[in-house]
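To start, the structure itself, in structure tokens.
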Amino acid sequence: MFFSLRWSFKNIYLLAFGLTIVTVSPVLLSEPSVAQLKNRNSESILSQSQFSSTVFSDVPASFWASPFIRALVQRQIITGFPDGTFKPERPVERAEFAAMLEKAFNQNPVRQLSTQGFSDVPADYWAASAIKEAYETGFMLGYPGNVFQPNQEIPKVQAIVALSNGLRLTAAKPVTETLNTYYTDVFAIPTYAQSSVAAATEASMVVNYPDAKTLNPTENLTRAEAAALIYQALVNQGQAQPLAANLPAASYIVAGTPGPTQAKNDIVSIASSSDSFSTLTSLLQSANLADILQQPGPYTVFAPTDAAFAALPPETLQELQQPENKELLVKILRYHVVPGRLSADQISAGELQTLEGQPVNIQVDSSKNQIAVNATNVIQADIDASNGVIHAVNQVLIPPDFDGTQKSETETKTETADSNGADLEPGRATRGGSSYIGVGGNIGLGGETALGEGSFAAISKIGLTRRFSARPSVIIDDDPVILLPLTFDFSPRTTPSVAGRSFNVSPYLGAGVAIETSDDADVGFLLTGGIDVPLGDRFTVNGSANAAFLDDDTDVGLLLGIGYNF
């Protein structure tokens, strides 16, 4: 019989319990947790293409060198390790530092390495070319006996000297005066390095943690310190924007140019204090939205930089600032704001609903250390504010149904693809996240089939449109049960904070058919509901409650699994 109404009291109870939990989960998870707003350290405002999320498990947003590390990772100057860590306190070897220099700078040669090269650097050594370039461009020297000692850990003072020499820095003030002004351990700076350290200090390239006045010159350079020094060197060369001076990360930069002190720390105050967001701040004032973004919130703002607004056709920006176009301006700006506070490590692939009422599509690519909003890259994340968080983006986001201004070809293609998500495209990501295939286990809650008794399972999600998925699964047993539901996928919600962490979860509800494959095979009606929890961009954890009406009985099971995203 296709489905039966002759349920036992036990089965009715189990079904009601399972479906109630699943159904209310979107409501329970829709409100952001107050705990998410606490204990967040401010980060820097950077204008170059930089990674926007906390990729490494040992580099949280609150880590002192996080903005430097993220910036260099995005530039592919430094990388992490296969286990997902960065190992920020690990000492840097001379070969490793040479490789960082090779990727960070493009200086002209000032000398030539002999054809024999260094005796301890074979031609097939992994960093041979980087060592050769570091030598020929004046950054690094060898040791007596024609050796480079590539595996030797490099002291911090040697790294500073290398940067100072390679960038041709010279001290403008008396060396002793500069060193005595900025360092309490000046006595520990080797004589040969004093002039170079003074020049680097005047150039605001030296970063000391936890005390800006303590250099610790002979201590081995850590990977975190290397990232900070190289980033500040890029700032000196005009290839990167300085950190906002009122944020904590900037306090470790020696001789850094002081910025204005803020009495307020809300989103608008943070944006207005930065040279990167002057256009955005002005438009917020014109649209009368500044007062809203100074309220408690919290809010997540995908903030276009000045360069992003400058890339618009000049007449577009001018027209948006006209009084008669205020409604259009408000529509665009609200499309950049998401309710709740979502730091970079809480953002996962899928959709986020904006204040404008239309979702933005989030893509996460950990292999390239990149987060994108629609077709726009996040270039700096986790700019903390008292009422939320700012993620800087390199293009202005345009609402899908907006026709008040000209759109770029990229925006037009993106908006067309994402405007309604009605096109059938099997295997696509839905607003709830990526498609996947995986394995799991079924916990039987009642019934006589594999679904009700429990067993191993194969699970999958095949996105069909932006809102709908097929989720075929098989409960593996002597008589397997095949589940073929079609589900409606909700947008991701942020869970309440647990042990200091929150997660994005994507609920879904659906129905379909269940096929029992015993000798007396039966086909019955299937109800399903559950959640997907993305783990980065490669894996998704899934939990679902399934009720199948088979052979005059109701079989209920709780299916838990993990899928590999595709």
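Structure notes:
- Filtered residues of region 77-95 (kept if without any contact (Cβ under 8 Å) to a residue 40 or more places away in the chain and touching a helix residue (DSSP H, G or I) at 6+ places or on another chain (Cβ under 8 Å)): Thr79, Gly80
- Restricted to region 258-365, the set of helices (runs of 4 or more DSSP H) holding at least 2 residues that are at pLDDT below 80, surrounded by fewer than 22 Cβ atoms within 10 Å (Cβ to Cβ) and in the same structural domain as Ser386 (by the TED database) comprises 314-320.
- Flag if Arg341 is in contact (Cβ under 8 Å) with a residue 40 or more places away in the chain, under 29 Å from Phe68 (Cα atoms) and not hydrophobic (A, V, I, L, M, F, W, C): yes
- Within this structure, Leu101 fails the test of being modelled with pLDDT under 85 and open to solvent by less than 10 Å² (accessible area, probe 1.4 Å).
- Residue match in region 66-75 (condition: open to solvent by 60 Å² or more (accessible area, probe 1.4 Å), modelled with pLDDT of 85 or more and outside the structural domain of Ser348 (by the TED database)): no
- Filtering region 543-566 to residues that are under 18 Å from Gly427 (Cα atoms) and open to solvent by less than 10 Å² (accessible area, probe 1.4 Å) leaves only Gly563.
- Note on region 212-222: residues that are in contact with a strand residue (DSSP E or B) (Cβ under 8 Å, 6 or more places away or on another chain) and of a type in the set (D, E, K, R) total 1.
- The single condition among (1) farther than 27 Å from Phe468 by Cα; (2) at pLDDT 80 or above; (3) part of a loop (DSSP other than H, G, I, E, B) that Gln380 does not meet is (3).
- Screening the candidates Thr528, Thr487 for the property of being modelled with pLDDT of 90 or more, more than 20 Å from the chain's Cα centre (by Cα), of a type in the set (Ser, Thr, Tyr) and over 21 Å from Gly446 (Cα atoms) yields one hit, Thr487.
- When Ser348, Ser276 are checked against the criterion of being under 21 Å from Ile398 (Cβ atoms) and hydroxyl-bearing (Ser, Thr, Tyr), a single residue qualifies: Ser276.
- The residue that is modelled with the lowest pLDDT, counting only those in region 137-185 that are of a type in the set (Val, Ile, Thr) and not in a helix (DSSP H, G or I), is Thr184.
- Conditions (1) under 25 Å from Asn151 (Cβ atoms); (2) among the aliphatic types (A, V, I, L, M); (3) open to solvent by 10 Å² or more (accessible area, probe 1.4 Å): number failed by Val110: (1)
- Residue in region 366-390 that is farthest from the chain's Cα centre (by Cα), counting only those that are open to solvent by 30 Å² or more (accessible area, probe 1.4 Å) and among the polar types (S, T, N, Q): Ser386
- The residues listed here are Ser164, Ser129, Ser204, Ser196; of these, the one that is open to solvent by less than 10 Å² (accessible area, probe 1.4 Å), within 21 Å of Ala104 (Cβ to Cβ), of a type in the set (S, T, N, Q) and assigned by the TED database to the domain that holds Arg111 is Ser164.
The values are calculated or read from the model by the stated rules, or taken from the named source; none is laboratory data. Keep in mind that what you see is a predicted model, and the values were worked out from it rather than measured. For neighbour counting, all protein chains shown are included, and Cβ atoms are generated from backbone atoms with ideal geometry for every residue, glycine included. Calculation scope for accessible area: heavy atoms of the full protein, side chains included, ligands and nucleic acids excluded. Shrake-Rupley method; radii C 1.70, N 1.55, O 1.52, S 1.80 Å.
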